[in-house]
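Below is one structure, written out as structure tokens; comments come after it.
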Amino acid sequence: MLSPVSLDKAQKIINENIVPVKKTEILKVKDMVKFNVWTDRVLATNVSAGIDVPSFEKATMDGYAVKFEDTLKATPENPVNLRLIASIFAGNDGNFKIKSGECIYVTTGSMLPASASAVVMVEYTKRDSDNIKIFKPVTLRENTGKKGEDIKKDEDVLKKGEILTPAKTGVLAAIGIKETEVYSIPKVAIFGTGNEIVDAGKDLMPGKIYDVNSWTIACVVKKAGCIPVRHKTAKDKEEILKKRLNEALAYDVVVISGGSSAGEKDLLSDVIESSGKILFHGVNIKPGKPTLFGNVNGKPVFGMPGNPAACLMNAYVFLLPALRKMAHLPFERKKVKAKMSEKLNSKSDRHLFVTVKLENGCAKAVYKTSGAITSMSSADGFIEVPTDKKVIEKDEEADVYLF
């Protein structure tokens, strides 16, 4: 029997019982090159630089490495003449020395000769064989980059808990990292229940419907940064449901659709209660009243409504933030302000989620029924109508939470 709790209490119970994964794994640089699996992974340890970046003083412009004092009297009318003694290109050894009156041609990113103190940009020079005319003076260290200017050896460049964005992956590459420790990605087992459910692609017999919920839940799981693992549908028999649940408990989280309402054949609550603990069964919301949350063998178990729109809405409301937390990823529900395109009346004593489409700065309600998946596919987001609010007037501004 359902004993609905408030939306706030349901969210609080879920948050208190969801723990970020502790399991970690080692990612090797060969995996980054082959499969690009580092992006969006979460560091499980600090990363310290084993080298300076750059590891040498370098030229930041194409030009001539000089002793800056030699250029101080240079003008366009009276250039300074220096003797060219060598050239250094990016990637070459820069083990050269220059004396006063000499210079070396350098390219952007090449090593700076140890005795050089600046680089004159090639635009302010003229070459005549080995004689280089300098038409503009330079200051000490001008057009050069210091060793360790970007990253210093032994510096903690990335912290535990940081997400590996493309730029942060670039930092790992810059310091020549061979491997790093990250948190494992949570795996989420998904299966539907019901004798009426048929897998997509199979012939649809009278009285049967295609499995919608496993696919929509899998997409939400992926959006949460986790790995969906779809299992076979469980028929309406207690022993089959128990078997599917036990198989699913090999993963970090279990999400089951259907079988959670108060009907005669909705067996899910009995099976979970016999194997673990139900933390709530029923939430005072519409759609999605029969939502269930429990714990079996230390694993969170979500029981979602069987109706497709209700199932997907509750996946956005309850499952998405829970999985983001488990994966060590931040969660923020994006919202925009929009005026209602028409008056919205609530005759329910439950907290409403109403799907809406955004058109020209206005929100238009597109919710049909909890069983209509187009209630979701036609929408850009949803608005909330609390139990103490019965009317949202036309042109009244509302918060639209985007999918």
Could you check how many residues of segment 169-206 are over 30 Å from residue 296 (Cβ atoms) and either of a type in the set (Ser, Thr, Tyr) or crowded, with 17+ Cβ neighbours inside 10 Å (or both)?
6
Single unsatisfied condition, residue 356 versus (1) under 26 Å from the mean Cα position of the chain (by Cα); (2) not in a strand (DSSP E or B)
(2)
Please determine whether any residue of segment 365-382 is modelled with pLDDT of 95 or more, part of a loop (DSSP other than H, G, I, E, B) and aromatic (Phe, Trp, Tyr).
no
Test: residue in segment 137-156 that is touching a Cys at 6+ places or on another chain (Cβ under 9 Å) and not assigned by TED's automatic domain parsing to the domain that holds residue 43
no
Kindly indicate which of 159, 208 is at pLDDT 95 or above and of a type in the set (D, E, K, R).
159
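Any idea which of 92, 143 is out of contact with any His (no Cβ under 9 Å at 6 or more places or on another chain) and modelled with pLDDT under 95?
92
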What are the residues in segment 63-103 that are surrounded by 17 or more Cβ atoms within 10 Å (Cβ to Cβ) and in a loop (DSSP other than H, G, I, E, B), if any?
67, 74, 79, 94, 96, 98
Take residue 217 and tell me if it is within 19 Å of residue 271 (Cβ to Cβ) and of a type in the set (A, V, I, L, M).
yes
For residue 250, the lone unmet condition from (1) of a type in the set (Gly, Ala, Ser); (2) buried (at least 16 other Cβ atoms within 10 Å of the Cβ); (3) under 30 Å from residue 330 (Cα atoms) is (2)
The conditions are (1) farther than 27 Å from residue 332 by Cα; (2) modelled with pLDDT of 95 or more, and residue 196 fails exactly one of them. Which is it?
(2)
Residue 384 versus (1) within 27 Å of residue 3 (Cβ to Cβ); (2) touching a residue at least 40 places away in the same chain (Cβ under 8 Å): which is the lone unmet condition?
(2)
Among helices (runs of 4 or more DSSP H) completely within segment 159-255, the ones holding 2 or more residues that are closer than 26 Å to residue 20 by Cα and outside the structural domain of residue 301 (by TED's automatic domain parsing) are 166-174
Result of the Cβ filter at 8 Å on segment 351-362, keeping first residues that are farther than 23 Å from residue 6 by Cβ and partners that are surrounded by fewer than 17 Cβ atoms within 10 Å (Cβ to Cβ) and of a type in the set (Ser, Thr, Tyr), at least 6 apart or interchain, is 357/378
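The values are calculated or read from the model by the stated rules, or taken from the named source; none is laboratory data. Values in this document were obtained by computation on a predicted structure and should not be read as measured data. For neighbour counting, all protein chains shown are included, and Cβ atoms are generated from backbone atoms with ideal geometry for every residue, glycine included.
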